[in-house]
1. Hey, can you grab everything whose amide H is under 5 Å from the amide H of Leu406? Only 5+ residues off in sequence or another chain; H modelled, so Pro and N-termini drop out.
2. Using only the alpha carbon atoms of segment 50-111, find the Kirkwood hydrodynamic radius as the inverse mean reciprocal pair distance, in angstroms to one decimal.
3. Could you pull out every residue, at least 5 positions away or on a different chain, whose amide H is within less than 5 Å of the one on Leu41? Hs are placed 1.01 Å off N in the peptide plane, and Pro or chain starts have none.
4. Rounded, prolate or oblate: pick one for segment 211-312, where a ≥ b ≥ c are the square roots of the eigenvalues of its C-alpha gyration tensor, a/c under 1.5 means rounded, and failing that, prolate if a/b is larger than b/c, else oblate.
5. Using packing as a proxy for protection, rank 339-346, 429-436 so that the peptide with the highest average count of other Cβ atoms within 10 Å comes first.
6. Check the straight Cα-Cα distances from Lys492 and name the lysines below 27 Å, setting aside those fewer than 8 residues away within the same chain.
7. Quick one: which residues, 5+ away or cross-chain, put their amide H under 5 Å from the amide H of Asp26? H built at 1.01 Å from N.
8. Just for the Cα atoms in segment 1-105, what are the lengths along the principal axes, largest first, rounded to whole Å?
Amino acid sequence: MAQAVLERSARTRPRPAIEFTKLLIDNKWVDAADKRTFETLDPSTGEVIASVAEAGAADVDRAVKAARRALETGPWSTMDAAERGLLMYRLADLVAKHAEDLAALESLNCGKTITDSRGDLEGVVNTLRYYAGWADKVEGKTVPVRGSFLSYTLRQPVGVIGQIIPWNFPLLMLAWKWGPALACGNTIVMKPAEQTPLTALRVAALAVEAGFPAGVINILNGYGETAGAALVAHPDVDKIAFTGHVDTAKIIQRQAAETLKRTTFELGGKSPNVIFADANLDDAVAGAFHAIYFHGGQCCTAGSRLFVEAKIHDEFVERLAHKARARAIGDPLDDATQQGPQVSLEQLDKILHYVDLGKSQGARLVAGGLRVGDRGYYVAPTIFDGVKDEMAIATDEIFGPVVSVLPFGSIDEVVTRANATNYGLAAAVWTKDIDKAHLFAKHVKAGTVWVNCYHVVDATTPFGGFKMSGQGRENGEAALEHYTETKTVTVKLG
Ligand code: NAI
Ligand code: MG
C-alpha cells in the first residue's frame with residue numbers, strides 16, 4: 001500500500017491574511033533600526049508568504065530599555081496583582097475570540113494541521129487563564145526566625161525576561177512563557193523562531209488591545225545567532241527562558257554566565273514509549289502512533305524509542321505500519337489532513353539523513369522513509385524495526401515522523417535501556433499491571449511519565465526535563481518559582 005496523500009481540493013480553506021510583520025517595541029509597530037527584513041515561507045509549498053522585520057542588536061537594546069521602563073516606572077510597576085490577572089483574562093478572551101484565525105495563521109506558517117492548531121489554541125487560552133488566576137496568589141511566608149525579630153519573604157518579579165522560543169508550537173510556547181512571567185509581574189522581550197514569526201505578532205496585537213501597558217510585552221523577530229544572541233548578552237536582561245536544541249542551550253548558558261543571568265531550558269528528548277504484552281493493544285497501537293506522529297514528530301516529547309515486549313512485537317509492528325501508510329498527508333489547512341509538512345527544508349534534510357543512517361546501519365525500514373511529493377516539505381510516517389540501542393536513529397533526536405522499534409524482554413531490562421540516554425524529558429508505559437506501571441514510573445528518569453496515554457500536557461502540570469532535556473519547569477505552580485526572586489525582610493521588634 002502506497003502512502004495516502006490528499007490532493008489540494010475545494011475543502012482547503014483560503015490562505016489567512018497577514019496583518020502584522022513589524023517589530024513590537026513599547027506598544028509601537030516599528031521597522032528594524034537598520035530596516036532589514038527576512039522572508040517567511042509556507043512549508044506546504046516552499047513559497048514566500050511575507051517579509052518580516054528582522055531585529056538586530058540595536059532593536060534588542062530598544063526593546064530591553066522599554067521593558068526596563070515598564071518594569072521600574074510604568075503603570076505595570078504599581079498595578080495591583082489582581083489587575084494584572086484581569087488583563088491576562090482579557091487577553092485570553094481575545095485569543096479565544098480570534099482562535100480560528102490564529103489557528104489558520106499558525107498552520108500556514110508552521111505547517112501543522114488545522115486540527116492540531118485548534119488544539120494548540122485551546123492550550124494557549126487555558127494557559128493564559130490558569131496563570132491569570134495565579135497573579136494575586138503568589139504569596140510569601142512569615143518565618144519563625146530566632147531572636148526578637150519578624151522575618152517574612154516577598155516574592156518579586158525577576159525583572160526583564162528574554163524569551164526565546166522554537167517553531168514547533170509557536171503559540172503554545174509563547175503562552176507557556178508569557179503566562180508565569182506576566183502573572184509574577186515581569187516584563188518580556190520575546191524572540192520567536194525565525195521560521196514562524198507571524199502568530200506571535202498577531203497575539204501581541206491582541207495584548208495591546210487588551211490593555212497591557214507599553215513595554216510589558218515586546219516582540220522581536222529575527223535570527224538566533226544575531227537577535228537571540230544579543231538578547232542573551234544584554235546586561236539589562238535578568239533571565240533567559242529558552243526552548244529549543246540542546247546545543248543552542250549550551251551556547252546560551254555559556255553566554256549567560258557573563259552576566260550571571262538566570263536561565264531555564266526546555267530542550268529535546270528521545271523519549272521511551274514502553275509497550276508490555278498485557279496492555280490493551282488497540283489503545284497501545286493508537287497511543288504509540290500518536291506518540292511519534294503527532295505534529296509530524298516535531299515534538300520535544302515524541303515517543304521516538306518504541307520498546308515493544310518481544311512476544312507481541314511482530315503483530316504490533318504490523319498494525320502500526322498499517323496505520324502509518326493510511327495517514328492522510330496533505331495541505332495543513334484542509335480539515336481532512338492528518339499530517340502536514342515538516343517546518344523547513346533544513347528539517348526535511350535532517351530527517352532524510354537519519355533515514356539513510358538507519359538503513360546504512362542495518363535497521364529494517366518497514367514503512368515510509370521517503371519525501372512525499374516535490375513541493376513542500378512532506379515526509380511519510382516512517383518505521384524502523386530491528387533497531388539496536390546504539391544506532392544513530394535510536395540515540396539522536398530526529399524531530400520528524402521516524403520511530404525506532406526496539407524489542408525487550410523484562411521490566412528491569414527495559415528500564416535500564418530506557419534510561420541509557422542523556423535525555424530525560426518524557427516516557428510512557430502501556431500495561432494493565434499496576435505494579436509494572438508504578439515501578440516504571442518510579443525508576444525511569446524523565447520529567448513526565450504517562451501511563452496508558454501519551455502527550456497529555458496541561459497548563460496545571462509541571463513540565464520539563466531531567467538530565468540534558470532541560471533545567472527548571474514550566475506550567476503549573478512550579479513555573480512561578482522561576483519567575484520570582486525571594487526577598488527576606490527582617491524587622492527588629494521592640
Ligand atoms: P534552535 O535551538 O537553533 O532554535 C530555537 C530558538 O533558538 C530559535 O528562536 C532560534 O532563533 C534561537 N537560537 C538559535 N541559536 C541561538 C543563539 N546562538 N542564541 C540565542 N538564540 C538562538 O533549534 P532549530 O535550529 O530550529 O532546530 C534544530 C533542532 O533542535 C531540531 O531538529 C530539534 O531536534 C531541536 N528542537 C527542539 C525543540 C523542542 O521543543 N525542544 C524545538 C525546536 C527544535
Ligand atoms: Mg538552530
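The values are calculated or read from the model by the stated rules, or taken from the named source; none is laboratory data. Not measured: the values here are computed from a predicted model. Using ideal geometry, Cβ is built from the backbone for each residue, glycine included, and neighbour counts are taken over all protein chains shown. Ligands, DNA and RNA are stripped out before the accessible areas are found, and what is left, the full protein with its side chains, is counted by its heavy atoms. Shrake-Rupley method; radii C 1.70, N 1.55, O 1.52, S 1.80 Å.
1. It is Leu306, Phe307, Val308, by chain and number.
2. For segment 50-111, the Kirkwood estimate is 14.8 Å.
3. Placed amide hydrogens put Ile49 under 5 Å from Leu41.
4. On the way: a/c = 3.63, a/b = 2.47, b/c = 1.47.
The shape class here is prolate.
5. On the way: 339-346: 23.1, 429-436: 17.8.
My ranking of the peptides, most packed first, is 339-346, 429-436.
6. Lys141
7. Amide H neighbours of Asp26, under 5 Å, 5+ apart: Gly215.
8. 63, 37, 26
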